Amino acid sequence: MSRSAAHDARNQLLRETLSNNEDARKSSVPTGETVRRITSDLGISLKSENIPSSDGARLHFIGQISAEKVLLYFHGGGFGLSAFEGHIKFLIQSQEMLAAQASTVLIAFLEYGLTKEKKYPTQLMQATEALRFLLSKGFRSSNIVVGGDSAGGNMTLGLASVLMHSCTGVTPLQIQEPLAGLLLISPWVSFESSSSSYRRNKEYDIFGSESMQGWATDFVLDQERNNWNEPIKADVAWWQGLQAEKVLNVYGSLEVLQEDDKILGDTLHKAGVAVKNVECKNQVHIDCILDAQFGLEVGPMSTEIWQWLATVFQRGI
């Protein structure tokens, strides 16, 4: 069941670190600060801008600002934690992998509002305004991949829903061409914790049902749960006409969200979406992000993402 002793030790450390939501929140470093430090340490170009009409959201442009292809990325953290170092490091690794294959890709990293101060639909509104901001700068939707991990995967699916269905609290957005793709990394698609994988994988994954329920309660009221913020609720018909050419849905076989992510992927497939669903053997939640953070050997989650991104971005301008 284990990838290595080092991965096991990492997962155990994270289970302890993330076991108390309030302690994790207090130790969380602001996203902008983390982005600036890592890009500075690595000597990578960074330009940060406020997003208009977004209640304080910012986009951090990492890499060559003149690039025509963009990965708009929403980080995870239960809507209550800032970005991890691993988020930035993994995206820069991805950027370098793409550059080696002659694809220059700009990372547009969203710094969005966190709970408990900001609740739904603020984060979805900010994700929508981030895409609108990119389009206003002249980027073509057909050259944009929107992606995210965990809560960021939730936001990615929420934004995909906004492009098809009007959502209360979010200004509608229509695009002229479908997005190049959607990247879903261990997406958080259900606020329930009753699936069998919560029980089966609780000893392997980096968090359990109690912490997830706490983050969900901070994010959205029970009466506000809907297809935009809890994607597993949406039926096949909801996803028909999805405004993206390709979708990658990757998750670990050892994560508590495994069953929910599989169901979501199956629903997208039944809706006629060009989705690739990949269950990564012996990997846990957002394992590719954690490998980057801890400097460990990468697994299939990372390589699947890099191969998919290369294919999608090479479809061309």
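The values are calculated or read from the model by the stated rules, or taken from the named source; none is laboratory data. Remember, predicted model here, so these are calculated numbers, not experimental data. In this analysis, Cβ positions are derived from the backbone assuming ideal geometry, glycine residues included, and neighbour counts consider all displayed protein chains.
Given the residues Ser19, Ser103, Ser28, which is the only one that is outside any helix (DSSP H, G or I), within 19 Å of Gly138 (Cα to Cα), more than 17 Å from the chain's Cα centre (by Cα) and of a type outside the set (A, V, I, L, M)?
Matching residue, one of Ser19, Ser103, Ser28: Ser103.
Take the conditions (1) of a type outside the set (A, V, I, L, M, F, W, C); (2) surrounded by fewer than 20 Cβ atoms within 10 Å (Cβ to Cβ); (3) more than 25 Å from Asp291 (Cβ to Cβ); Ser209 misses just one of them, which is (3). Among the residues of the stretch 91-116, the one identified as of a type in the set (Gly, Ala, Ser), within 21 Å of Glu129 (Cβ to Cβ) and surrounded by 20 or more Cβ atoms within 10 Å (Cβ to Cβ) is Ala108.
Scanning for something outside any helix (DSSP H, G or I), exposed (fewer than 15 other Cβ atoms within 10 Å of the Cβ) and either free of Cβ contacts under 8 Å to residues at least 12 places away in the same chain or not aromatic (Phe, Trp, Tyr) (or both), does the stretch 72-90 turn up at least one residue? So far as the stretch 72-90 goes, no, none of its residues is outside any helix (DSSP H, G or I), exposed (fewer than 15 other Cβ atoms within 10 Å of the Cβ) and either free of Cβ contacts under 8 Å to residues at least 12 places away in the same chain or not aromatic (Phe, Trp, Tyr) (or both). The number of residues in the stretch 230-257 being farther than 21 Å from Leu309 by Cα, within 17 Å of the chain's Cα centre (by Cα) and buried (at least 24 other Cβ atoms within 10 Å of the Cβ) comes to 4.
Residue by residue through the stretch 285-303, note down the ones that are surrounded by fewer than 17 Cβ atoms within 10 Å (Cβ to Cβ) and either out of contact with any helix residue (DSSP H, G or I) (no Cβ under 6 Å at 6 or more places or on another chain) or free of Cβ contacts under 8 Å to residues at least 40 places away in the same chain (or both). If the condition is that a residue be surrounded by fewer than 17 Cβ atoms within 10 Å (Cβ to Cβ) and either out of contact with any helix residue (DSSP H, G or I) (no Cβ under 6 Å at 6 or more places or on another chain) or free of Cβ contacts under 8 Å to residues at least 40 places away in the same chain (or both), then Gly295, Glu297, Val298, Thr303 are the ones that fit. Residues in the stretch 285-317 that are at negative phi, assigned to a loop (DSSP other than H, G, I, E, B) and hydrophobic (A, V, I, L, M, F, W, C): Leu296, Val298, Ile317.
The residues on offer are Asn282, Asn277, and the sole one that is out of contact with any strand residue (DSSP E or B) (no Cβ under 6 Å at 6 or more places or on another chain) and surrounded by fewer than 23 Cβ atoms within 10 Å (Cβ to Cβ) is Asn282. Taking the stretch 120-206 as the region of interest, the helices (runs of 4 or more DSSP H) fully inside it that hold 3 or more residues being surrounded by 24 or more Cβ atoms within 10 Å (Cβ to Cβ) and in contact with a Ser or Thr (Cβ under 9 Å, 6 or more places away or on another chain) are 122-136, 151-162.
If you check Ser53, Ser40, Ser45, Ser27 for being touching a residue at least 40 places away in the same chain (Cβ under 8 Å) and surrounded by fewer than 18 Cβ atoms within 10 Å (Cβ to Cβ), only one passes: Ser53. For the stretch 194-217, filtering for residues that are under 22 Å from Ala234 (Cβ atoms) and at pLDDT 95 or above leaves 9.
How many residues does the stretch 253-284 contain that are closer than 30 Å to Gly241 by Cβ and outside any helix (DSSP H, G or I)? Number satisfying all stated conditions: 12.
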